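Asker: Below you will find the structure I want to go over with you.
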Amino acid sequence: MIHSILARLARLFLGCAALVLLSTIIVGCGGDARDAADGAATTSPDTAATRHVTVAAASDLKFALDEIVAAFRTVDPSIEVKVSYGSSGNFFSQLSNGAPFDVFLSADIVYPRKLAAAGHADSSSLFHYADGQIVLWAPSGSGVDVKGKGIEALRSPEIGKIAIANPEHAPYGRAAEAAMKSLGVYDAVKDRLVLGENIAQTAQFIESGAADVGIIALSLAMAPSMRDKGTYWPVPLDAYPRLEQGGIILSRAHEPEAAAKLVAYMSGADGRRVLRSYGFIIPGE
Amino acid sequence: MDWDAIALTTRLALSTAGILFLFAVPLAHWIAMTKWRGKTVLEAIIALPLVLPPTVVGFYLLMAMGPNGPFGAVYHELTGGMLPFSFGGILIASIIFNVPFAVRPLVAGFESVDRRLIDMSRTLGNGRLKTFFTVTLPLSWQGLLASLVLTFAHTLGEFGVVLMVGGNIPGTTRTLSIAIYDNVQSMNYAAANRSALVLLGVAFVVMWITTVLGRRRMPV
């Protein structure tokens, strides 16, 4: 009795397993980025003509680029832009290993230059879209007077953890480290540093209170989710090497033409206005 | 709700559980039945992903699947495509990373079958295959269930390996757990919370069903 029930259950179960396998075979595992993206684009009014541009962007662009992409969508509804945010150094190594992105927007122009030199992109598509700035940020109510004391506030004994981005692969982390060294506080604070994987995670560390203060991108300090939650002190531009931000269109881009349109929009008047409003310095201005 | 990520994660978990099951059943059956003394070495190798940091597995896989790796070069030759940062890439990674979750419950299930029943079936003239399908398999259904469920559930939550091998590409390799990581970084806590609740809910339902169906001890 019990065994016949068990056997029936087992048969039912094997049936399920067979179904899973069948679905696997039908769904297939060879679907590439484009298939997946097409499947997801059902909300678009004109699916057949929709072109998908994938962007790997430095995470200091998180809020500014979201705004630019939303505006670009109204200008050219036939192009759907998908953005991944991360640290420029990580993207650089992923792109060198064949990551399927159309456009790379780096926080350090050195990375796209290297990609062009290695043959992953055409150097003629290289563009310098902005210069980044760093700020010392503390949440309101933390009692840390960053506005009044500037970088010297870091010496305060109440401060436990200081968040910066990982200098190994995040340009903003390198800038923060350089600024602390040139302003003479690095040796005093280096044991209290915590490293974010990229500048957005660094900002999240201090926004959430996990770290007491941090050095982050001005563009993130000006973002809606952080603007009202803290105060910041802009680190003097001469305290760190210029954060020249550059982008490039990859040679293996599936949609080079649509990618070029996005890049042109970003470097045009509309894109520049948004970048400026997030505290980026526009080259030549 | 991040439907893109939910669909992708479900597809990855189903494919991983399904494909792995095909390989795991014969392998686990052999391990359970063989008297070969060297099988402990094999079992240790199979269990490795349980204790290896996901970054170690991710690093080796990225090297092997990259354009300069042995595996990546062959794949590129055959298909013209690239494995890292594609769905195929994270599927292979998640299959390898889930081997112990598929194989170990199956071995436990097959080992729990009374050998005398198997021998009896053989003496009654049934072939090995018929005995396997009519005696061993139905009697070890709990192991089969646990194997599938654990693989499925474990894939849903996999993070490190998928991030290293897959990058973070919306619709292709950005699974639900990576979407949560992303949402937290961009301080979009509401979205992170929604996705996290989905995973919490699924994990609970899956474990609950397994417990109800299994009643007896879980084979891991």
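Each reported figure results from applying straightforward, stated rules to the coordinates on display, with no laboratory input. Just so it is clear, the structure is predicted and the values come from calculations on it, not from any experiment. Methodologically, a virtual Cβ is constructed for each residue, glycine included, from the backbone with ideal geometry; neighbour enumeration extends over all protein chains shown.
Asker: Per residue of the stretch A:216-226, what does 6.51 cos²θ - 1.76 cosθ + 1.60 with θ = phi - 60° give for ³J(HN,Hα)? Whole Hz please, x for Gly and Pro, Karplus curve as stated.
Answerer: Taking θ as phi minus 60°, the curve returns 10, 6, 4, 4, 7, 5, 8, 5, x, 6, 10 Hz for the stretch A:216-226.
Asker: Which order do the peptides B:129-139, A:158-168 take when ranked by the mean count of other beta-carbon atoms within 10 Å per residue, highest first?
Answerer: Highest mean packing first, the order is A:158-168, B:129-139.
Asker: Right, another one. Comparing B:Glu158, B:Glu111, B:Glu77, which has the greatest mean-square fluctuation in the GNM of chain B with Cα pairs linked when under 10 Å apart?
Answerer: So, out of B:Glu158, B:Glu111, B:Glu77, the one fluctuating most is B:Glu77.
Asker: Let me ask something else about it. With N denoting the number of residues in the stretch B:3-214, provide Rg(C-alpha) divided by 2.2 N^0.38 Å, to two decimal places.
Answerer: 1.16
Asker: Compute the Cα gyration tensor for the stretch A:132-239, then decide on rounded, prolate or oblate, letting a ≥ b ≥ c be the square roots of its eigenvalues: rounded whenever a/c is under 1.5, prolate when a/b is larger than b/c in the other cases, and oblate in all that remain.
Answerer: Rounded shape, in that the Cα axes give a/c under 1.5.
Asker: Using modelled amide H (1.01 Å from N, peptide plane; none on Pro or chain starts), what sits under 5 Å from the amide H of B:Val113, excluding residues fewer than 5 places away?
Answerer: Answer set, sorted by chain and number: none.
Asker: I would also like to ask the following. Nearest 500 deg cm²/dmol is fine: what mean residue ellipticity at 222 nm does chain B get from its DSSP H runs of n ≥ 4 alone, each adding -39,500 (n - 2.57), divided by its residue count?
Answerer: Mean residue ellipticity at 222 nm (helix-derived): -23500 deg cm²/dmol.
Asker: Whole-Hz ³J(HN,Hα) for each residue in the stretch A:143-155, computed from phi via Karplus 6.51 cos²θ - 1.76 cosθ + 1.60 with θ = phi - 60°, x for glycine and proline: what do you get?
Answerer: Each residue of the stretch A:143-155 in turn: x, 8, 8, 6, 5, x, 9, x, 5, 5, 4, 5, 6 Hz.
Asker: Starting from the amide H of A:Thr54, placed 1.01 Å from N in the peptide plane, find each other amide H under 5 Å away whose residue is 5 or more places distant or on another chain.
Answerer: Answer set, sorted by chain and number: A:Lys82, A:Asp102, A:Val103.
Asker: Quote to one decimal, in nm, the extra length available between B:Arg122 and B:Ala191 on full extension: 0.36 nm per residue of separation minus the C-alpha distance between them.
Answerer: Between B:Arg122 and B:Ala191, full extension yields 19.1 nm more.
Asker: Continuing with this model, one more query. If you take the square roots of the eigenvalues of the alpha-carbon gyration tensor of the protein assembly as shown and sort them as a ≥ b ≥ c, do you get rounded (a/c under 1.5), prolate (a/b over b/c) or oblate?
Answerer: prolate
Asker: Can you pull the one-decimal nm distance between simple spin-label points at A:Ser93 and A:Ala239, each 7 Å off the Cα toward Cβ?
Answerer: My value for the distance between the label points is 3.0 nm.
Asker: Sticking with this one: Assuming R0 = 25 Å, what is the FRET efficiency of B:Glu43 and B:Leu22, from their Cβ-Cβ distance, to the nearest 0.05?
Answerer: According to the calculation, E is roughly 0.80.
Asker: Let me ask something else. In the structure displayed, which of A:Lys229/A:Lys261; A:Lys82/A:Lys229; A:Lys82/A:Lys261 lie more than 24 Å apart, Cα to Cα?
Answerer: Over 24 Å Cα-Cα: A:Lys229/A:Lys261; A:Lys82/A:Lys229.
Asker: Provide the per-residue ³J(HN,Hα) series for the stretch A:249-254, in order, calculated from phi with Karplus coefficients 6.51, -1.76, 1.60 and θ = phi - 60°, each as a whole number of Hz, with x at glycine and proline positions.
Answerer: 9, 6, 5, 8, 3, 6
Asker: What residues qualify as long-range amide H neighbours of A:Ala130, i.e. H under 5 Å apart, gap of 5 or more or another chain, H built at 1.01 Å from N?
Answerer: Answer set, sorted by chain and number: A:Gln245.
Asker: Of B:Phe97, B:Ala196, B:Tyr75, which is farthest along the charge dipole of the protein assembly as shown in the positive direction, counting Lys and Arg as +1 and Asp and Glu as -1 at C-beta?
Answerer: Working it through, the farthest residue towards the positive pole turns out to be B:Phe97.
Asker: Once you place label points 7 Å from the Cα toward the Cβ at A:Asp187 and A:Ala70, how far apart are they in nm?
Answerer: Going by the 7 Å Cα→Cβ label model, 4.8 nm.
Asker: Which whole number gives the average count of other chain Cβ atoms within 10 Å of the Cβ atoms across peptide A:200-208?
Answerer: Mean number of neighbouring Cβ atoms from other chains: 3.
Asker: What order do you get for A:Val144, B:Val161, A:Val194 when you list them from fewest to most C-beta neighbours inside 10 Å?
Answerer: Ranking A:Val144, B:Val161, A:Val194 by Cβ neighbours within 10 Å, fewest first, gives A:Val194, A:Val144, B:Val161.
Asker: Now for a separate question. Can you give me the distance in nm between label points at B:Leu52 and A:Leu195, each placed 7 Å from the Cα along the Cα-to-Cβ direction?
Answerer: 2.4
Asker: In addition: So for the protein assembly as shown: antiparallel DSSP bridges make up what percent, rounded to the nearest 5?
Answerer: Here the share of antiparallel DSSP bridges comes out near 55 percent.
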